[in-house]
Amino acid sequence: MPWSWQAVVKLRVVGMTEQFEFDPAAKEGVYKAIFERRDMRHFRNDPIDEQLIERLLHAAHSAPSVGLMQPWRIVRVLRPDLRGLLHQVVERERIKTAEAMGERSDEFMQLKVQGILDCGEVWVVTLMEQRERHVFGRRTLPDMDLASASCAIQNIWLAARAEGLGMGWVSIFDPQDVRDVLSIPEGAEPIGILCLGHVDEFYDQPMLIKEGWASRGKLTDYVMCDTWEPDKAARAQQQWDDQL
Ligand SMILES: Cc1cc2nc3c(=O)[nH]c(=O)nc-3n(C[C@H](O)[C@H](O)[C@H](O)COP(=O)(O)O)c2cc1C
């Protein structure tokens with residue numbers, strides 16, 4: 001809100017929290033995007049409006065990042081031949097993943113894990129080169145670059161959902177294969193192939209839950225107070241073990 005006398009008056013009459021709180025509809029919109037966001041693998045292939053794409057890119061670029069590092073680099077893949085090659089890259093790794101999976105490999109092969117050939121747009125999100133030079137917030141936790149780029153991806157995901165657009169994050173690939181397809185230099189690290197596009201419907205719950213692959217743990221087992229709570233940790237661990 002621009003600075004105005006109305007804002008000054010409002011500041012005097014309401015508490016600070018109310019002053020900063022979104023109005024109810026806006027607040028509801030934020031939670032709706034969070035709860036109704038889904039990882040999508042089924043798309044229609046009609047094109048995405050360029051202005052909408054601009055908004056999503058701005059959402060990505062407004063993400064928090066460690067020491068304002070902004071480690072994300074986003075490659076829009078416009079050429080159909082490159083998209084086809086990325087699809088092959090994922091297919092290759094999907095088979096290797098299944099082989100490494102043991103008991104559940106056949107079940108895994110039944111899952112749809114990407115919609116690269118069907119979606120409106122494919123973006124490859126990549127960590128920048130020379131990340132080792134950025135020490136702020138990464139001296140002991142170097143993965144904070146990945147965490148920052150993940151925040152950018154989550155911003156795209158939520159903004160896309162609010163726009164009625166689906167997104168799927170595909171990470172089943174060998175980064176070197178993706179580098180080769182898009183001429184990405186050795187020091188940069190591809191972390192996601194994002195499939196973006198219009199959808200006929202959003203899954204009402206995570207597809208992996210609908211397919212019986214995994215289940216969601218109980219929130220109370222994931223939140224601890226003051227100290228590590230081994231009982232909770234064990235239950236959350238068990239929940240995770242059961243679906244491996
Ligand atoms: C870092 C990351 C990588 C992911 N990679 C893949 C992937 O390669 N293929 C896939 O089908 N889903 C992938 N997903 C989506 C997850 O399977 C999905 O988020 C999870 O099942 C929960 O479903 P939801 O996102 O609809 O809530 C990825 C998600 C994240 C956060």
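Readers should treat all values here as calculations from the given coordinates under stated rules, not as data from a laboratory. Keep in mind the model is a prediction, meaning the values are calculated, not measured. Glycine gets a Cβ as well: all are built from the backbone with ideal geometry, and neighbour counts include every protein chain shown.
At-a-glance table
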{"quantity": "Region 62-219 shape via C-alpha gyration tensor axes, a/c threshold 1.5", "calculated": "rounded"}
{"quantity": "Where GluC sites (Glu not before Pro) in DSSP loops with at most 10 other Cβ within 10 Å are excluded, longest remaining stretch of the chain", "calculated": "1-185"}
{"quantity": "Proxy reagent accessibility, fewest Cβ within 10 Å first, across Leu111, Leu244, Leu85", "calculated": "Leu244, Leu111, Leu85"}
{"quantity": "Under the span-like rule (Cα at least 24 Å along the axis, Kyte-Doolittle mean at least 0.5), DSSP H helices of the chain", "calculated": "144-162"}
{"quantity": "Mean separation of Cα contacts under 8 Å, 6 or more apart, over the residue count of the chain: relative contact order %", "calculated": "28"}
{"quantity": "Under DSSP loop assignment and at most 16 Cβ neighbours within 10 Å, longest chymotrypsin sites (Phe, Trp or Tyr not before Pro)-free interval of the chain", "calculated": "23-135"}
{"quantity": "Lys pairs under 21 Å by Cα in the chain, provided they are eight or more residues apart or on distinct chains", "calculated": "7"}
{"quantity": "About the Cα centre, charge dipole magnitude for region 147-222 (Lys/Arg +1, Asp/Glu -1 at Cβ), debye", "calculated": "300"}
{"quantity": "Anisotropy class of region 42-101 from Cα gyration tensor, a/c 1.5 cut", "calculated": "oblate"}
{"quantity": "Given 15 as the ceiling on other Cβ atoms within 10 Å, longest exposed-site-free region of the chain for trypsin sites (Lys or Arg not before Pro) in DSSP loops", "calculated": "140-215"}
{"quantity": "Cα gyration tensor category, rounded, prolate or oblate, for region 139-234 with a/c compared to 1.5", "calculated": "oblate"}
{"quantity": "Choice from Asp231, Asp81, Asp204 with maximal GNM fluctuation in the chain (Cα, 10 Å cutoff)", "calculated": "Asp231"}
